[in-house]
């Protein structure tokens, strides 16, 4: 199975977006429209809530411009990605057209209820989500976790400090894209931290995750049952799209990717002014 990735959370969030590619390929989706609502606020439960006020909040996580290197332009970005990941990996994994817009839209959507694949910065790949019966219950098949192992290894091999340095250089592109998709007064890096924290708060479901199969209404039978699986636990169904992706990757992969997200968050925190 082909792998897909970006540069950890824009590069470590790759782990989640790549996961989404592998799990959600073939999933029925409504027409895509990038959300123009204000970024959702998160609470301790990991669930998503809407902000109480529309006034833009003060910037919480500023990104200082690099002192030694100029900011990247859109034409510079492919070469910079090649330098970090290797040209072959970039060709195999990434969709570099309108890359900054894809990144900011997907990061935002990972914190919402749905992350439409049309805006992912990665290629969709073959493979279907699998369920099996265990003890009379429908559960996530253990083999699903194996599909993600090569990708998790790839993400773990990315140097988070180099990834953060690239993120700093490409930040003006990301901020402009963030404003262009409907957040003219927003600050993308704050939303990135918000989504990372949401993902790190994802509960661990253990090795067995129960599912339910939604019923088909109407005379035409469904020939694609993988599109109808939902979590049996209502609390899991209330989680964001990114959190659900983590759960479906399996407990071991979830812990490993959370570790990389935490490391990248720490590297991002160093990009702001000294305090």
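Taken over region 226-270, the criterion of being part of a loop (DSSP other than H, G, I, E, B), surrounded by fewer than 19 Cβ atoms within 10 Å (Cβ to Cβ) and modelled with pLDDT of 90 or more is satisfied by 232, 233, 238, 270.
Hand me the list of helices (runs of 4 or more DSSP H) wholly inside region 75-171 holding 2 or more residues that are within 24 Å of residue 198 (Cα to Cα), within 16 Å of the chain's Cα centre (by Cα) and modelled with pLDDT of 95 or more. Before you say what the answer is, go through the steps one by one.
On the way: elements: 77-85, 87-93, 99-110, 143-157.
Once the helices (runs of 4 or more DSSP H) in region 75-171 are filtered for at least 2 residues that are within 24 Å of residue 198 (Cα to Cα), within 16 Å of the chain's Cα centre (by Cα) and modelled with pLDDT of 95 or more, what remains is 99-110.
Mind checking whether some residue in region 177-200 is without any contact (Cβ under 8 Å) to a residue 40 or more places away in the chain, more than 22 Å from residue 113 (Cα to Cα) and surrounded by fewer than 18 Cβ atoms within 10 Å (Cβ to Cβ)? Yes, region 177-200 contains a residue that is without any contact (Cβ under 8 Å) to a residue 40 or more places away in the chain, more than 22 Å from residue 113 (Cα to Cα) and surrounded by fewer than 18 Cβ atoms within 10 Å (Cβ to Cβ).
Within region 128-143, residues that are touching a residue at least 60 places away in the same chain (Cβ under 8 Å) reach partners that are in a loop (DSSP other than H, G, I, E, B) and surrounded by 13 or more Cβ atoms within 10 Å (Cβ to Cβ) with beta carbons closer than 7 Å, at six or more positions or on different chains, in the pairs 128/26; 130/141; 131/141; 139/209; 140/209.
The values are calculated or read from the model by the stated rules, or taken from the named source; none is laboratory data. Just so we're clear, the structure is a prediction, and the values are computed from it rather than from any experiment. Counting neighbours? That spans all protein chains shown, and the Cβs are built from the backbone with ideal geometry, glycine included.
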